[in-house]
1. Residues 32, 68, 5: which one is at positive phi, more than 13 Å from the chain's Cα centre (by Cα) and at pLDDT below 95?
2. Among the numbered criteria (1) without any contact (Cβ under 8 Å) to a residue 12 or more places away in the chain; (2) surrounded by fewer than 16 Cβ atoms within 10 Å (Cβ to Cβ); (3) closer than 27 Å to residue 291 by Cα, which single criterion is violated by residue 134?
3. If you take the residues of segment 193-220 that are touching a helix residue (DSSP H, G or I) at 6+ places or on another chain (Cβ under 8 Å) and at pLDDT below 95, which of them is surrounded by the most Cβ atoms within 10 Å (Cβ to Cβ)?
4. Looking for whichever is buried (at least 18 other Cβ atoms within 10 Å of the Cβ) and either out of contact with any strand residue (DSSP E or B) (no Cβ under 7 Å at 6 or more places or on another chain) or more than 29 Å from residue 96 (Cα to Cα) (or both) here; the options are 188, 167, 184. Which one fits?
5. What are the pairs with Cβ atoms under 7 angstrom where one residue, in segment 308-329, is under 25 Å from residue 49 (Cβ atoms) and the other, located anywhere, is in a loop (DSSP other than H, G, I, E, B)? Sequence gap at least six, or different chains.
6. Please find, within segment 57-79, the residue that is farthest from residue 308 (Cα to Cα) out of those that are in contact with a strand residue (DSSP E or B) (Cβ under 7 Å, 6 or more places away or on another chain), touching a residue at least 60 places away in the same chain (Cβ under 8 Å) and part of a helix (DSSP H, G or I).
7. Got a number for residues in segment 280-291 being closer than 20 Å to residue 124 by Cβ and either surrounded by 21 or more Cβ atoms within 10 Å (Cβ to Cβ) or in contact (Cβ under 8 Å) with a residue 60 or more places away in the chain (or both)?
8. Residues that are farther than 28 Å from residue 136 by Cβ, at least 2 per element: which helices (runs of 4 or more DSSP H) completely within segment 186-294 meet that?
């Protein structure tokens with residue numbers, strides 16, 4: 001058979017192949033695969049506490065397993081440079097912001113259109129002054145800050161000398177305690193021992209030894225189910241009340257003379273990421289969960305020392321309804 005005689009057959013076969021491929025393409029499209037926009041790369045910021053780690057790894061798991069995203073994790077400090085880093089393109093998403101984006105010094109990023117505040121992630125946070133409940137029972141007057149006056153010496157430590165010690169939080173966290181101590185006229189010395197693990201080690205050791213300890217702490221936090229802690233009531237809030245010390249706000253420290261407020265913990269994304277067309281954007285916008293959800297995963301990771309990826313997988317498989325809602329299904 002001549003070569004010229006095979007050409008019509010080849011053309012026919014090619015046409016048939018194209019029809020088959022086209023049919024397969026339609027079939028794949030019908031299932032939402034071939035024409036779905038690629039997720040691409042998403043960079044999440046992981047704050048320096050267990051709850052934030054829980055946020056990041058659960059969202060990471062959902063994005064990778066359901067959308068095929070490539071998820072990177074950065075660990076940047078919870079301060080103004082974080083928002084600058086986001087504006088510079090180093091991070092796409094912050095899943096847990098304790099109202100820092102609402103501070104006047106940070107609103108420029110939102111007003112300039114570089115960052116978008118997505119609002120609540122479903123968790124309400126609160127910072128305060130805490131003591132072990134056994135100590136509160138021994139000294140009922142510690143229920144309010146006024147009751148601390150005259151009792152500061154029970155909190156003395158090697159670092160505080162003749163004063164009582166106030167154990168501060170991680171230096172990167174929202175706090176105003178040194179300023180508040182001065183405004184309340186308390187004979188306390190603000191002491192920081194570094195990042196949260198060091199602070200936890202310090203107050204939990206005192207707790208186990210049934211010793212007095214006064215410290216910065218917050219909710220939600222998975223350790224609050226393992227330790228009985230009581231909060232000291234601080235002065236009532238006013239409209240001028242500020243929860244984070246900022247030297248740019250001047251020397252009027254009276255703005256710090258109030259209790260920490262209830263904090264609607266927020267999500268923040270970059271405008272560039274929001275406009276990327278990635279399906280991950282919709283998931284981030286819809287993503288919300290409760291303090292109990294967060295504490296459950298945080299306890300698996302930090303309390304039971306489970307691998308974060310496995311902890312996330314365990315929670316996701318146990319909560320298919322919530323995950324479907326995030327995926328918009």
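1. Of 32, 68, 5, the one residue that is at positive phi, more than 13 Å from the chain's Cα centre (by Cα) and at pLDDT below 95 is 32.
2. (1)
3. Residue satisfying both the conditions and the ranking: 220.
4. Step by step, each of 188, 167, 184 is checked, and only 188 is buried (at least 18 other Cβ atoms within 10 Å of the Cβ) and either out of contact with any strand residue (DSSP E or B) (no Cβ under 7 Å at 6 or more places or on another chain) or more than 29 Å from residue 96 (Cα to Cα) (or both).
5. From residues that are under 25 Å from residue 49 (Cβ atoms), the pairs are 322/289; 326/287.
6. Filtering segment 57-79 for residues that are in contact with a strand residue (DSSP E or B) (Cβ under 7 Å, 6 or more places away or on another chain), touching a residue at least 60 places away in the same chain (Cβ under 8 Å) and part of a helix (DSSP H, G or I), the one farthest from residue 308 (Cα to Cα) comes out as 63.
7. Our first condition is that a residue be closer than 20 Å to residue 124 by Cβ; within segment 280-291, this holds for 284-291.
Still in the list and also either surrounded by 21 or more Cβ atoms within 10 Å (Cβ to Cβ) or in contact (Cβ under 8 Å) with a residue 60 or more places away in the chain (or both): 284-285, 287-291.
Residues meeting the conditions: 7.
8. On the way: elements: 196-208, 271-274, 280-286.
Passing ranges, in order: 271-274, 280-286.
The values are calculated or read from the model by the stated rules, or taken from the named source; none is laboratory data. The shown structure was predicted, so the numbers you read here are calculated from the model rather than taken from an experiment. Methodologically, a virtual Cβ is constructed for each residue, glycine included, from the backbone with ideal geometry; neighbour enumeration extends over all protein chains shown.
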